[in-house]
Amino acid sequence: MGEKQMIPLFDGVGHPVWMDREEFRKEVIPQHLKAEWDHPEELYTFVVQIFRDGFVEEADRGADRLLELYNRAEGVLLLKSLILLRKGKDEEAETLLRECMEKYPERGLAHTYMARIYDKRGDRERVIDWLRRGLELEPNQETALLWWVDLMIEEGGKSKAMNELKPLVEKEGAWWPKLIAGRLHLEEGDTSTAVHFFNNALEWFRFQREEQTPPSFDEEVALMTVVTLLSKHGCRDEVIMLCDQYWRAEYSTPFAVLDYAQALVEAGRVREAVDRLQQAVNFVLPEYVHLVEGKLAELKRKYSLKT
């Protein structure tokens with residue numbers, strides 16, 4: 001007999017409690033579905049969880065109920081289509097995606113999911129077309145954008161990808177296309193153009209909010225991405241310049257500030273690096289505090305700085 005397959009559940013404080021998968025399938029899932037059958041938000045969360053954990057048939061049943069509760073809303077149509085794709089029912093998934101497009105013509109995610117269907121069919125031309133159509137509607141779909149750009153590079157190199165990106169870059173609020181355009185220019189050695197795109201994306205975020213309004217997580221992701229790309233290519237001064245303008249202590253993750261601090265240290269601005277880290281430690285999520293405190297301790301020890 002094979003070993004039992006176990007699945008992690010989590011108690012009230014986040015500690016994992018391991019349970020046999022079959023026991024979970026037979027006992028926990030039916031009880032939970034029954035308990036949440038008339039509670040849309042709780043049911044949706046549970047269905048997504050069990051789908052991710054591989055309980056596809058059970059998730060399918062819950063998704064059917066969600067279609068009723070949410071009157072075939074976009075998110076539920078997309079979830080059901082993903083479940084059907086996992087089950088190999090591509091034609092049924094395509095029918096739902098077309099319904100979603102008709103019902104929500106201004107949205108682009110259904111087009112991206114349609115590209116998955118044509119990718120399975122090996123129809124590269126239709127994949128590119130569906131991705132493009134989805135990005136024209138919602139250009140900040142990161143996964144779709146990266147997939148589409150990779151296909152453009154395979155077809156005609158980075159020059160083709162940069163040329164094809166132009167219409168998306170020019171769309172109002174399209175910050176991910178700007179970051180990808182910047183990355184491509186950076187990889188081609190054109191740092192000044194890359195920084196131009198990065199600056200435009202970050203400036204758009206700053207323009208959207210009041211000065212005292214905390215940054216959105218998308219804004220945080222944008223700067224984090226920019227700093228990572230510039231650091232990877234050894235652009236120390238550009239990291240400092242953009243972080244001096246756009247970094248905010250209220251960020252919940254430490255990744256941008258750690259690279260920012262390292263760049264400041266390399267530029268001989270150690271005290272400023274320590275100041276930025278001390279600001280950040282008051283805001284980062286608890287699971288990241290040790291990273292910031294560790295860097296602070298390292299700098300204070302190495303440079304004999306007093307607390």
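The values are calculated or read from the model by the stated rules, or taken from the named source; none is laboratory data. Note that the coordinates shown come from a computational prediction; the quantities given were computed from them, not determined experimentally. Positions of Cβ are backbone-derived with ideal geometry, glycine not excepted, and every protein chain shown enters the neighbour counts. Ligands, DNA and RNA are excluded from the accessible area calculation, which covers all protein heavy atoms including side chains. Shrake-Rupley method; radii C 1.70, N 1.55, O 1.52, S 1.80 Å.
Each row is one residue, and each column tells you yes or no for (1) open to solvent by 40 Å² or more (accessible area, probe 1.4 Å); (2) of a type in the set (A, V, I, L, M); (3) assigned to a helix (DSSP H, G or I).
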| position | (1), (2), (3) |
| --- | --- |
| D237 | yes, no, yes |
| C243 | no, no, yes |
| D259 | yes, no, yes |
| L291 | yes, yes, yes |
| L299 | no, yes, yes |
| S304 | yes, no, no |
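Which condition breaks for F46 when tested against (1) open to solvent by less than 40 Å² (accessible area, probe 1.4 Å); (2) at pLDDT below 85? Only one criterion in (1) open to solvent by less than 40 Å² (accessible area, probe 1.4 Å); (2) at pLDDT below 85 is unmet by F46, namely (2).
Residue count for segment 207-220 satisfying the condition of being under 15 Å from K178 (Cα atoms) and surrounded by fewer than 20 Cβ atoms within 10 Å (Cβ to Cβ): 1. Can you work out which of the residues in segment 265-289 that are of a type in the set (V, I, T) and within 15 Å of A249 (Cα to Cα) is surrounded by the fewest Cβ atoms within 10 Å (Cβ to Cβ)? The selected residue is V289. Comparison of K103, K120, K80 shows that the only residue that is of a type outside the set (D, E) and under 24 Å from W37 (Cβ atoms) is K80. When the criteria are applied in full, E154 fails the requirement of being of a type in the set (D, E) and over 30 Å from R86 (Cα atoms). The set of residues in segment 167-179 being farther than 20 Å from G234 by Cβ and under 21 Å from the mean Cα position of the chain (by Cα) consists of L168, V169, K171, E172, G173, A174, W175, W176, P177, K178. Residues that are within 19 Å of the chain's Cα centre (by Cα) and open to solvent by 30 Å² or more (accessible area, probe 1.4 Å) do occur in segment 190-206.
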